[in-house]
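Take a look at the structure below.
The values are calculated or read from the model by the stated rules, or taken from the named source; none is laboratory data. All of these numbers come straight from a predicted model, not from anything done at the bench. Cβ coordinates were reconstructed from backbone atoms using ideal geometry, including for glycine residues, and neighbour counts include every protein chain displayed. Keep in mind that these areas ignore ligands, DNA and RNA; they rest on the heavy atoms of the full protein, side chains included. Shrake-Rupley method; radii C 1.70, N 1.55, O 1.52, S 1.80 Å.
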Amino acid sequence: MSAPFEAGERILLVDQRGRSYLFQAHAGGTYHTHSGTLAHDVLLGHPEGTRVETSGGMVLVAFRPRFADHVLKMPRVAQVVYPKDLGPIVVYADVQPGGRVIEAGTGSGALTIALCRAVGPQGRVVSYEVREDHLARARQNVETFFGKVPDQLEMRLGDVSQAGSDEAGYDRCVLDVPEPWVPLPALRRALAPGAVLCSYLPTTVQLQQLVLALGEHGFLHIESFETLRRTWHVGERSVRPDHRMVGHTGFLTIARRLA
């Protein structure tokens, strides 16, 4: 059974049109909307699915946010990896409990959070970011989601090319950097034979250069694809695709390190 809402929790409000709003609840606090205010106290102590009404008459339903809700609404200084790509990255890179993962770059931290959840407390994620402001924002987002930086995560300011000299034996690598072919020699030293490398790139020019470089640096079983997400309108009188969809965001390339 779901526990009631407590002070300090983040709560997701959904209105009658399906729009969502995310905020952190505090005793005595007030949430301001375009249709009046809502006292936090009307939600504290109540279960998920509770219906409430703002001072302006807008009806809202309260839930605990899903990970996807956090990702879409988290503060960012870099483009976030969308939920439609986070799932395939974790699945096709085969990130699993106890895994050892190198990540670059950290960005706003959405992918970092997904990797930490996938490897669990017994795993390890080392995330590299070259920009100090990006790393600071990502750290804040990670702390907001987990309550602290989890023990399995190490966030490093620097280039992922350092990974080959720091330590070895990683079994997964996930790259969200503009030139992922540059650190391939260092990553080959850091990754164990059979390790999976996954790269996320926005353009076909980058995609081609990476795929050609992977073969030259001892990686095989290479595949590239993109994921498109289209929602549907379902009603009594019609079932049709929505007019808008989340189309191209980036290409995923998966490869395996040769012995």
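Computed quantities for the displayed model
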item: Cα→Cβ-extended label distance, 7 Å offset, between Q208 and S20, nm; result: 3.8 nm
item: Paramagnetic label zone (point 7 Å from Cα along Cα-to-C-beta, E216; backbone N under 15 Å) in the stretch 184-208; result: 184-186, 206-208
item: Estimated inter-spin distance, L258 and Q140, nm [label 7 Å along Cα→Cβ]; result: 4.6 nm
item: Accessible area expressed per residue, the chain, with surrounding protein chains retained (probe 1.4 Å, Å²); result: 51 Å²
item: Heavy-atom accessible surface of the chain: percent carbon and sulfur, 1.4 Å; result: 52 percent
item: Selection from P183, G164, I222 lying farthest towards where the dipole of the stretch 139-246 points positive, charges on Cβ; result: I222
item: Only Lys, Arg (+1) and Asp, Glu (-1) charged, at Cβ; the stretch 1-157 dipole about Cα centre in debye; result: 240 debye
item: Convex hull of the stretch 113-247 built on C-alpha atoms - directionally averaged projected area, nm²; result: 11.5 nm²
item: Beta bridges per DSSP with both ends in the chain, % antiparallel, nearest 5; result: 65 percent
item: Estimated inter-spin distance, T231 and E179, nm [label 7 Å along Cα→Cβ]; result: 3.9 nm
item: From the C-alpha gyration tensor of the chain, square roots of 5λ in Å; result: 38, 22, 15
item: Charge-dipole axis of the stretch 1-53 as Lys and Arg at +1 and Asp and Glu at -1 on Cβ define it, positive-most pick from G8, H46, T33; result: T33
item: Net charge dipole size for the stretch 59-98 [Lys, Arg +1 and Asp, Glu -1 on Cβ; Debye, nearest 20]; result: 200 debye
item: Cα-based Rg / Dmax (Å) for the stretch 136-205; result: 13.8, 39
